[in-house]
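Worksheet for the structure shown next.
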Amino acid sequence: MGRGAVATVPLLLALGAVAARAGDFPKAVVVLEGLTAPLPDQVAEAAPARFVLLEDGQVFVGGTSRLVAGRLTKAEAKEIEARVAAVRQAPGFGASVSLGAGNQRHRLRLGKGGSQDITITGDPTAAEATPPILARLLQDLLRFDHPSLRPYRPASYGVIAREGKLAGGCRRWTFSEPVADSLLTPGTVPAAAAEGWPTGAVPASVCADDKTYVVALRPLLPGERP
């Protein structure tokens with residue numbers, strides 16, 4: 001299955017190249033995703049979004065593999081929207097923002113009030129992180145908690161696949177759609193069929209049609225397109 005395996009550098013570069021296309025969230029007010037994997041053998045773009053707020057107040061918080069979901073009051077949602085609006089006005093805020101030192105990379109997507117897609121580098125918890133209003137927003141979204149949050153079970157998973165090898169053996173591809181179909185465009189598989197597979201940033205090694213693939217299953221939110 002390759003849970004403890006280390007992917008090759010070329011494979012990680014290939015997987016990282018598709019990070020910009022991972023996850024399309026209709027009706028999202030704000031989406032925060034991590035673009036760096038916690039461990040070398042993990043696939044960052046297959047991890048759930050770290051924070052998603054939808055227009056109807058639904059909120060989702062993700063980690064390496066799983067999600068929790070809840071719902072904010074109108075006042076709570078408006079508070080986040082106001083903070084996002086303030087960030088948009090911060091000096092130096094644009095398509096690419098550096099917070100200073102640190103190798104962390106995040107992707108912040110803003111919907112309501114005008115679509116923006118921002119790549120953010122650096123550690124938001126560093127004392128010298130600037131602009132501070134953006135750093136504080138990222139910190140709060142990354143550690144977001146709410147009394148309504150409960151475990152979320154996705155209806156389907158996005159399939160992110162690349163030819164490559166992980167150390168150890170590989171498992172048989174058990175889904176109806178050929179794994180090769182997801183090489184260029186991520187496919188989807190129903191949650192029931194993915195029972196027993198690693199999900200999120202943790203990949204599996206797959207053998208199919210005399211080839212070896214590294215496959216990661218991204219938990220999808222309602223209406224999300226992989």
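Report whether or not residue 221 is part of a strand (DSSP E or B) and either at pLDDT 95 or above or in contact with a Leu (Cβ under 8 Å, 6 or more places away or on another chain) (or both). Can you show your working first?
Values: part of a strand (DSSP E or B): no; either at pLDDT 95 or above or in contact with a Leu (Cβ under 8 Å, 6 or more places away or on another chain) (or both): yes.
Considered against the rule, which asks whether it is part of a strand (DSSP E or B) and either at pLDDT 95 or above or in contact with a Leu (Cβ under 8 Å, 6 or more places away or on another chain) (or both), residue 221 comes out as no.
Considering region 153-165, the residues that are surrounded by fewer than 18 Cβ atoms within 10 Å (Cβ to Cβ) and either out of contact with any Pro (no Cβ under 8 Å at 6 or more places or on another chain) or modelled with pLDDT under 95 (or both) include one that is nearest to residue 74 (Cα to Cα), namely 153.
For region 93-106, state whether one or more residues are polar (S, T, N, Q), buried (at least 17 other Cβ atoms within 10 Å of the Cβ) and in contact with a Leu (Cβ under 6 Å, 6 or more places away or on another chain). Within region 93-106, not a single residue is polar (S, T, N, Q), buried (at least 17 other Cβ atoms within 10 Å of the Cβ) and in contact with a Leu (Cβ under 6 Å, 6 or more places away or on another chain). Are any residues in region 57-79 modelled with pLDDT of 95 or more, in contact with a strand residue (DSSP E or B) (Cβ under 9 Å, 6 or more places away or on another chain) and assigned to a loop (DSSP other than H, G, I, E, B), and if so, which ones? Within region 57-79, 57, 72 qualify. For the subset of region 166-213 comprising residues that are charged (D, E, K, R) and part of a strand (DSSP E or B), which member is surrounded by the fewest Cβ atoms within 10 Å (Cβ to Cβ)? The residue in question is 172. The single condition among (1) over 26 Å from residue 82 (Cβ atoms); (2) surrounded by fewer than 16 Cβ atoms within 10 Å (Cβ to Cβ) that residue 113 does not meet is (1). If only residues of region 34-51 that are under 10 Å from the mean Cα position of the chain (by Cα) and over 18 Å from residue 102 (Cβ atoms) are counted, the one that is surrounded by the most Cβ atoms within 10 Å (Cβ to Cβ) is 46.
The C-beta contact set for region 107-135 (first residue touching a residue at least 40 places away in the same chain (Cβ under 8 Å) and in a loop (DSSP other than H, G, I, E, B), second residue surrounded by fewer than 18 Cβ atoms within 10 Å (Cβ to Cβ) and acidic (Asp, Glu), distance under 8 angstrom, 6+ apart or interchain) comprises 111/55; 112/55; 112/81. Among the residues of region 86-105, those that are more than 14 Å from residue 131 (Cβ to Cβ) and either without any contact (Cβ under 8 Å) to a residue 24 or more places away in the chain or in contact with a Gly (Cβ under 8 Å, 6 or more places away or on another chain) (or both) comprise 101, 102, 104, 105.
The values are calculated or read from the model by the stated rules, or taken from the named source; none is laboratory data. All values reported here derive from a predicted model rather than from experimental measurement. Glycine also receives a Cβ, built like all others from the backbone with ideal geometry; neighbour counts cover every protein chain displayed.
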